[in-house]
Amino acid sequence: MLPEAAALLVGALGLLLLLLKLRLPCLYEDALFLLRLGGFGFRLLRVCFTGRVVTVLDRFHQLAEESPDKTFLLYDGRPYTYREVDRRSNRISQVFAQPRAGVRAGDIVAMLMSNEPDFVCVWFGLSKLGCPLAFLNTNLRARSLLHCLDNSGAKTLIVGADLINIVEDILTTIKENNISVWVMGKSCTYQGVNTLADKVEEAPDSPVPALGRSPPCLKSPFLYIFTSGTTGLPKAAVITHLQSLRASVGFVTFGVTKDDVIYTALPLYHGAASLLGICGCIELGATCVLKKKFSATQFWNDCQKYNVTVFQYIGELCRYLCNQPKSEGEKKHQVHMAVGNGIKTEIWTEFIKRFGNIKICEFYGATEGNIFFMNYTGKVGAVGRSIFLHKIFLSYKLVKYDAQNEKPMRNEQGRCEVVDKGETGLLISSVTKWNPFSGYAGNKKISEEKLLRDVFKKGDVYFNSGDLMSESQDGYIYFHDRIGDTFRWKGENVATTEVADIMEMLDMVEEANVYGVAITGYEGRIGMAAIKLKPDQEFDGKEMYNHVLKHLPSSAYPRFLRIQKTMEITGTFKRKKINLIEEAFNPNIITEPLYFLDTSEKSYISMTEQIYNSILSFKIKL
């Protein structure tokens with residue numbers, strides 16, 4: 001009777017889904033999404049009843065035993081099976097389990113590595129020892145890199161062989177801070193740097209015993225991923241096992257299967273590639289084609305060569321592909337889905353028209369945030385869809401925002417007010433036991449600044465996303481803008497205060513006001529700065545150029561400079577930016593000295609009308 005009843009139930013459910021698909025396709029997509037997400041819900045319930053957390057690493061170990069010969073990573077045409085990655089990560093565990101390595105369970109280990117199989121092996125190898133990993137942005141330099149090491153609390157740094165030169169200038173300071181440095185190479189010319197690759201080859205590939213390691217709980221730290229946030233230097237967002245498990249089911253809920261081949265060219269130090277990409281592949285038991293760096297010219301060739309069916313993107317990536325010259329074979333591929341965020345509506349439409357029937361699955365979620373949305377229906381322009389699940393477990397509101405004073409509006413009772421459907425408001429999400437905000441490592445003050453208290457009633461707490469969004473009548477969520485002192489360029493968040501601090505290190509600069517300006521045809525906003533020179537100082541374009549390249553990642557370079565005698569400030573002593581942003585870098589309306597960062601001249605050169613027109617016509621590419 002039981003098997004028959006089960007068969008009837010499955011049959012009835014299948015019939016219901018078919019009817020929904022034919023008559024109410026949107027409800028069908030909702031039902032399918034909830035069914036796919038149901039597995040994650042049951043997993044959380046199991047944790048509550050048993051107390052045991054089945055982590056991403058546990059799932060990986062399971063696959064290494066059940067499907068040892070299946071390709072996990074494809075890198076430069078070379079396949080790495082689940083078993084190979086598992087065994088190499090064991091070897092890394094064995095190296096760092098030795099007393100002389102000075103690493104114990106619970107210690108934070110920082111990684112500065114490019115996309116490569118050993119990134120995953122090092123990550124998993126240290127995780128098997130019970131060590132949370134801090135992923136460092138490979139574009140960081142000098143002061144910012146030292147800050148991230150200090151902020152994470154790491155006492156061990158592992159550097160890729162191709163990146164060891166980045167730490168050359170700060171190696172002495174790193175050692176003075178009692179941080180041991182390991183390079184993923186067999187030899188190293190820098191004194192005091194330990195080599196790792198040679199020791200890994202000699203180590204056994206058996207697992208290290210778990211003695212002395214506490215079993216993880218959902219709130220245990222798994223990773224530290226750095227985000228620029230809204231102000232200051234990068235901050236280490238705490239990624240718990242709960243957050244990693246949530247992210248790992250992203251592909252599942254979009255309908256990706258174990259038979260798909262997923263292409264990841266985004267940097268692994270970002271949550272999109274590591275949590276959704278790598279952890280998502282593990283959840284499915286799928287194959288990941290890992291690219292060291294995105295190449296628009298090689299993209300479709302790679303997709304054809306490796307039978308890619310799904311790829312990860314940021315908006316800029318899709319724009320780069322659309323800007324490539326058209327070719328006959330650009331529709332000859334097996335790609336049926338793209339998962340990512342930040343694609344503009346016009347690029348979205350153009351991309352599908354040009355490259356074929358590819359379902360674009362946008363999602364929304366800040367690295368440190370406790371709210372996410374998923375556009376699983378493929379609705380053009382939307383970052384997600386709101387269903388009753390959000391109302392129950394991931395409660396959020398869009399509230400009225402005061403742009404002039406840069407804070408949520410409060411009524412006479414001191415409470416926030418929700419905007420109407422279709423209106424733009426600040427996204428905030430409720431902080432609860434099941435939907436916590438983990439904050440930033442080693443910085444309670446900044447963590448607290450991300451929270452809003454007594455929002456709708458006394459005692460309630462909400463996470464401030466810093467994003468302005470709207471919700472349509474039919475439940476779709478649309479992103480409009482990011483507030484605060486940050487802008488996004490080349491897929492990276494740029495904190496204006498950090499760039500200003502770097503520029504003010506120069507003797508010639510008294511003040512720097514940094515902001516992002518929009519350029520038609522480009523995603524995000526490009527960096528620009530208004531600077532005030534110190535008395536009796538002259539602007540030196542070459543000195544500024546060398547300083548910027550030494551201390552900032554390329555995405556944060558101020559590509560345009562204007563020299564001001566005085567800077568306008570608000571009543572709260574904040575530098576005004578609205579007029580500067582509107583005027584941008586147009587030499588026809590700006591009478592002050594205006595400069596452009598010219599890589600061929602290796603200097604900031606005077607902005608001319610010819611350069612301005614060349615930028616707008618894409619003859620000069622940014």
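The values are calculated or read from the model by the stated rules, or taken from the named source; none is laboratory data. Treat the numbers as computed from the prediction; the structure is a model and nothing was measured. Neighbour counts run over all protein chains shown; Cβ positions are idealised from the backbone, glycine included. Only protein heavy atoms, including side chains, enter the accessible area calculation; ligands, DNA and RNA are left aside. Shrake-Rupley method; radii C 1.70, N 1.55, O 1.52, S 1.80 Å.
Observations on the model:
- Residues of the stretch 599-614 that are open to solvent by less than 30 Å² (accessible area, probe 1.4 Å) and either under 14 Å from G527 (Cα atoms) or among the aromatic types (F, W, Y) (or both): Y604 alone.
- Within the stretch 271-297, tally of residues that are open to solvent by 10 Å² or more (accessible area, probe 1.4 Å) and more than 20 Å from E316 (Cβ to Cβ): 3
- The condition of being touching a residue at least 12 places away in the same chain (Cβ under 8 Å) and either within 18 Å of I605 (Cβ to Cβ) or part of a helix (DSSP H, G or I) (or both) does not hold for Y515.
- Picking from residues in the stretch 406-433 that are touching a residue at least 60 places away in the same chain (Cβ under 8 Å) and assigned to a loop (DSSP other than H, G, I, E, B), the one that is most open to solvent (accessible area, probe 1.4 Å) is E406.
- A single entry from Y313, Y376, Y320 fulfils the requirement of being assigned to a strand (DSSP E or B), closer than 30 Å to F72 by Cα and among the hydroxyl-bearing types (S, T, Y): Y313.
- Scanning the stretch 505-521 for residues that are more than 20 Å from F585 (Cβ to Cβ) and either touching an Asp or Glu at 6+ places or on another chain (Cβ under 7 Å) or surrounded by 18 or more Cβ atoms within 10 Å (Cβ to Cβ) (or both) returns L506, M508.
- When residues in the stretch 223-237 are screened for being at pLDDT 95 or above and open to solvent by 10 Å² or more (accessible area, probe 1.4 Å), 1 of them pass.
- Any hit, the stretch 304-313, residues being more than 21 Å from V120 (Cα to Cα), aromatic (F, W, Y) and surrounded by fewer than 23 Cβ atoms within 10 Å (Cβ to Cβ): no
- Checking each residue in the stretch 580-598 for being closer than 17 Å to A556 by Cα, surrounded by 17 or more Cβ atoms within 10 Å (Cβ to Cβ) and among the hydrophobic types (A, V, I, L, M, F, W, C) picks out A584, F585, F596, L597.
- Some residue of the stretch 533-545 being more than 28 Å from the chain's Cα centre (by Cα) and on the phi > 0 side of the Ramachandran plot: yes
- Taken over the stretch 97-107, the criterion of being out of contact with any Phe, Trp or Tyr (no Cβ under 7 Å at 6 or more places or on another chain) and part of a loop (DSSP other than H, G, I, E, B) is satisfied by Q98, G102, R104, A105, G106, D107.
- Any hit, the stretch 124-142, residues being open to solvent by 30 Å² or more (accessible area, probe 1.4 Å) and assigned to a helix (DSSP H, G or I): no
- Filter result (under 29 Å from Y306 (Cβ atoms) and assigned to a loop (DSSP other than H, G, I, E, B)) within the stretch 37-96: T55, S67, P68, D69, K70, D76, G77
- Unmet criterion (only one of (1) within 23 Å of the chain's Cα centre (by Cα); (2) surrounded by fewer than 17 Cβ atoms within 10 Å (Cβ to Cβ)) for E492: (2)
- You will find that of K542, K534, K577, the residue that is open to solvent by 80 Å² or more (accessible area, probe 1.4 Å), farther than 19 Å from N613 by Cα and touching a strand residue (DSSP E or B) at 6+ places or on another chain (Cβ under 7 Å) is K542 and no other.
- Screening S395, S438, S430 for residues that are at pLDDT below 90, more than 20 Å from F311 (Cβ to Cβ) and among the small types (G, A, S) leaves exactly one candidate, S395.
- Any hit, the stretch 556-571, residues being in a helix (DSSP H, G or I) and buried (at least 21 other Cβ atoms within 10 Å of the Cβ): yes
- Residue, farthest from K292 (Cα to Cα), within the stretch 48-94, restricted to residues that are surrounded by 17 or more Cβ atoms within 10 Å (Cβ to Cβ) and of a type in the set (S, T, Y): T55
- Across the stretch 327-343, the qualifying residues are those that are modelled with pLDDT under 90 and out of contact with any helix residue (DSSP H, G or I) (no Cβ under 6 Å at 6 or more places or on another chain), and the one among them that is most open to solvent (accessible area, probe 1.4 Å) is E328.
- Condition met for F96 (in contact with a helix residue (DSSP H, G or I) (Cβ under 8 Å, 6 or more places away or on another chain), over 22 Å from H270 (Cα atoms) and among the aromatic types (F, W, Y)): yes
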